[in-house]
Amino acid sequence: MKAVVTGGAGFIGSHLCDHLIAQGHTVTVVDDLSTGSMANLAQLGEDPRFTFVQGDILDRELVDGLVAEADAMYHLAAAVGVYNIVDKPLRSLRINLHGTENVVEAAVRHRVPYMVASTSEVYGKNDADGLTEDADRIYGPPTKSRWSYAAAKGLDELVAYVHGAESGVPCVITRFFNVVGPRQTGRYGMVVPRFVDQALAGEPITVYGTGTQRRCFGSVFDVVPAMTRLMDTPQSFNRAVNLGGREEVSIKGLADRVVELTGSDSAITFVDYEQAYGEGYEDMQRRFPDTSLAGELIGYEPTRDLDAIIR
Ligand code: NAD
C-alpha cells in the first residue's frame with residue numbers, strides 16, 4: 001500500500017511513518033516543517049520506500065498530485081500547540097480549516113480512504129453545570145483563546161464526515177487525548193516534554209494554574225498502531241473514535257512523578273494561566289477519554305502507564 005501522511009515530520013506523524021514502513025508500506029510525507037523536523041524522520045532517510053516532500057497543505061495542486069498516487073491518506077498536518085494557536089489564531093484557522101478541506105477533497109476526488117486527526121478539545125470544556133451566555137462554546141469567546149483550534153477541528157470532523165458519507169469513500173476520525181512520546185517537543189506548550197526538559201536541566205518546573213487540573217496521557221506507541229488498525233476495520237468508517245491513555249493524574253502529580261523519575265532536584269513552581277498564556281485564558285479541570293469504542297472496534301487497550309510514558 002502507498003500511504004500519504006500529512007504532517008509526517010511531526011511527533012505523531014513520524015511514528016506513524018515508522019509503523020507503516022515497518023508494516024511494509026510505501027510512505028510519502030508532506031510537511032512544511034513549521035513545527036515538525038527532519039530529525040524526526042532521520043531513521044527513514046535512506047529507505048527507498050520513503051519520500052519526503054516539503055510543502056504546505058494549503059497548496060491544492062501539490063496535495064492533489066500526492067493523494068492521486070495513494071491508497072490511503074493520513075491527515076495529521078495542523079497548526080498545533082497552545083502558543084501557536086493563541087499567538088497566530090488566523091494562521092492556525094487557515095491551516096486547520098482550509099488545509100483539511102484541501103486534503104479531504106483530494107482524497108474523495110481520487111477515492112482514497114482517509115483518516116483525519118482530531119482532538120479531545122472538540123468536547124469543549126464540558127465541566128460547566130449551568131450555561132450562561134458567557135459560557136465557553138466550542139468556538140469560544142472572541143478573546144485570546146485556544147478554542148479556535150477546537151472549533152476548527154470540530155469543523156474538520158464535519159468536513160471529513162460529510163464528504164465520507166456523501167462519497168462512500170472510507171473515512172476515520174481519530175480524537176487524540178494528550179498523546180505523548182519520544183520526539184514530542186515542549187516548545188509549543190505540551191506539558192510532559194516541557195516538565196521533563198525542565199527537570200533534566202535542573203530548572204524550576206512551572207505548573208500553570210493550581211495544578212489540580214487532571215489529565216490522562218496516552219502513549220504514542222499505543223495510539224499509532226490503533227490508527228492503522230482503525231483504517232483496516234470497516235466498522236470504524238465514518239466514525240469519530242477516541243484514542244488516549246487510561247491513567248488520570250493531576251498536573252501537580254505529573255510534576256512530582258517527573259521529578260522522581262528523572263532524579264531531578266528541580267523545585268515545582270506555580271504560574272497563573274494568564275501570566276503563561278495571556279489575558280482571558282482558561283483551561284478545563286478534567287480531561288479523560290472513554291476509549292471503549294476503540295476497544296470494541298479494534299480491541300484497543302492502552303498498555304503503557306504514566307511512568308512508562310514519562311520514561
Ligand atoms: P506536530 O506539531 O508534531 O505535528 C504537526 C505537523 O504538521 C508538523 O510536522 C508540522 O510541521 C506540520 N504542519 C503544520 N502546518 C502545516 C502545513 N500548513 N502544511 C504542511 N505541514 C504542516 O503535532 P502532533 O502532536 O504530532 O499532532 C499531529 C496531529 O494530531 C495534529 O493534527 C494535532 O491536531 C492532532 N492532535 C495531537 C494531539 C497530541 O496529544 N499530540 C492531541 C490532539 C490532536
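What follows draws every value from the coordinates through simple rules; no lab data is involved. Not measured: the values here are computed from a predicted model. Cβ sites come from the backbone with ideal geometry, for glycine too, and all protein chains shown count toward neighbours.
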The chain, relative contact order in percent, only Cα pairs under 8 angstrom and at least six apart counted: 17
Give a residue-ordered list of calculated ³J(HN,Hα) values for the range 44-49 (Karplus: 6.51 cos²θ - 1.76 cosθ + 1.60, θ = phi - 60°; whole Hz; x for Gly, Pro). 9, x, 9, 6, x, 8
Using label points projected 7 Å from each Cα along Cα→Cβ, tell me how many nm separate ALA68 and GLU248, to one decimal. 5.1
Taking amide H atoms as placed 1.01 Å from N in the peptide plane, list the residues 5 or more away in sequence, or in a different chain, whose amide H sits under 5 Å from that of VAL241. ILE173, THR174, ARG175
List every residue whose amide H lies under 5 Å from the amide H of THR119, counting only residues 5 or more places away in sequence or on a different chain, with H placed 1.01 Å from N in the peptide plane. PHE176
Applying a 10 Å radius around every beta-carbon, put 160-169, 62-71 in order of their mean neighbour count, most first. 62-71, 160-169
Take each of the peptides 287-293, 13-19, 232-238, 192-198, average the number of other beta-carbon atoms within 10 Å over its residues, and list them starting from the highest. 13-19, 192-198, 287-293, 232-238
Formal net charge of residues neighbouring PHE50 (Cβ-Cβ distance under 15 Å; K, R +1; D, E -1): -3
